[in-house]
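The values are calculated or read from the model by the stated rules, or taken from the named source; none is laboratory data. In this text, all values refer to a predicted model and were calculated from it rather than measured experimentally. For neighbour counting, all protein chains shown are included, and Cβ atoms are generated from backbone atoms with ideal geometry for every residue, glycine included.
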Amino acid sequence: MTSRERVKAALNHEEPDRIPIDFGGLLASINVSTYDALLKEVGVPAGGDEVLSREWSNVPKPSEELLKRWGVDFRRVWLGGPERFTPVVDASGGTFKDEWGLTWKRVGRYNEFVNPPLAGAGLPELMRYPFPDPADPGRYRGVREWVRGLRAGMLALRLR
């Protein structure tokens, strides 16, 4: 079975040839420090572009070579970053502020919230809060082409 056939069978409650495998499909699946050590351990060269942002996201995009080697059936489709927002990074304090207004601080290998902007907020504050724009064109730029490339087997396509 191909990966596509295997996943479709599983989703249709049919028996595939084996259980479909995922790695890296969830944002919290592995952090970059552990991922770097994993690549070194299994002898897969780091490509340099498989991490969203080493400064603050701590989230790797798994290497296609690793995914193929392990027989991973899923590929995550990543949305792009918004055009109308740039994360605010304070290297001296080890924090960054995301587009939701959340301030994060690196604690060991992970990031934790500090000072959540809506803590204790009531309805009036919630109604005035500047939520991120879900229609920001940066989020969707190149996604259609990427998905078509994945489906056609051209996995080298990725968002700019």
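Sub-9 Å Cβ pairs linking a first residue in the stretch 118-145 that is within 13 Å of residue 79 (Cβ to Cβ) to a second residue that is outside any loop (DSSP other than H, G, I, E, B), at least 6 apart or interchain, are 133/139, ordered by first then second residue. Among the residues of the stretch 59-89, those identified as touching a strand residue (DSSP E or B) at 6+ places or on another chain (Cβ under 7 Å) and more than 30 Å from residue 153 (Cβ to Cβ) are 87, 88, 89. Only one of the numbered conditions (1) of a type in the set (Val, Ile, Thr); (2) surrounded by 12 or more Cβ atoms within 10 Å (Cβ to Cβ); (3) within 18 Å of residue 71 (Cα to Cα) is not met by residue 2, and that is (2). Confirm whether residue 109 is of a type in the set (Lys, Arg) and surrounded by 11 or more Cβ atoms within 10 Å (Cβ to Cβ). Spelling it out, it is not the case that residue 109 is of a type in the set (Lys, Arg) and surrounded by 11 or more Cβ atoms within 10 Å (Cβ to Cβ).
The rows are residues; the columns are (1) at positive phi; (2) under 20 Å from the mean Cα position of the chain (by Cα); (3) among the hydrophobic types (A, V, I, L, M, F, W, C); (4) modelled with pLDDT under 85.
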{"site": "9", "(1), (2), (3), (4)": "no, no, yes, no"}
{"site": "15", "(1), (2), (3), (4)": "no, no, no, no"}
{"site": "25", "(1), (2), (3), (4)": "no, yes, no, yes"}
{"site": "28", "(1), (2), (3), (4)": "no, yes, yes, yes"}
{"site": "31", "(1), (2), (3), (4)": "no, yes, no, yes"}
{"site": "39", "(1), (2), (3), (4)": "no, yes, yes, no"}
{"site": "42", "(1), (2), (3), (4)": "no, no, yes, no"}
{"site": "49", "(1), (2), (3), (4)": "no, yes, no, yes"}
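Within the stretch 30-46, residues that are over 13 Å from residue 67 (Cβ atoms) reach partners that are not in a loop (DSSP other than H, G, I, E, B) with beta carbons closer than 6 Å, at six or more positions or on different chains, in the pairs 32/51; 32/60; 46/39. Candidates are the residues of the stretch 51-83 that are of a type in the set (Phe, Trp, Tyr) and either under 30 Å from residue 18 (Cβ atoms) or modelled with pLDDT of 85 or more (or both); the one that is farthest from the chain's Cα centre (by Cα) is 70.
Restricted to the stretch 97-111, and to residues that are basic (Lys, Arg) and without any contact (Cβ under 8 Å) to a residue 40 or more places away in the chain, which residue is farthest from residue 21 (Cα to Cα)? It comes out as 97. Looking only at the stretch 62-106, residues that are more than 30 Å from residue 129 (Cβ to Cβ), out of contact with any helix residue (DSSP H, G or I) (no Cβ under 6 Å at 6 or more places or on another chain) and not hydroxyl-bearing (Ser, Thr, Tyr) come to 11 in all.
Of all residues in the stretch 57-96, those being surrounded by fewer than 17 Cβ atoms within 10 Å (Cβ to Cβ), free of Cβ contacts under 8 Å to residues at least 40 places away in the same chain and outside any loop (DSSP other than H, G, I, E, B) number 6.
For residue 109, the requirement of being touching a helix residue (DSSP H, G or I) at 6+ places or on another chain (Cβ under 8 Å) and among the basic types (Lys, Arg) is met.
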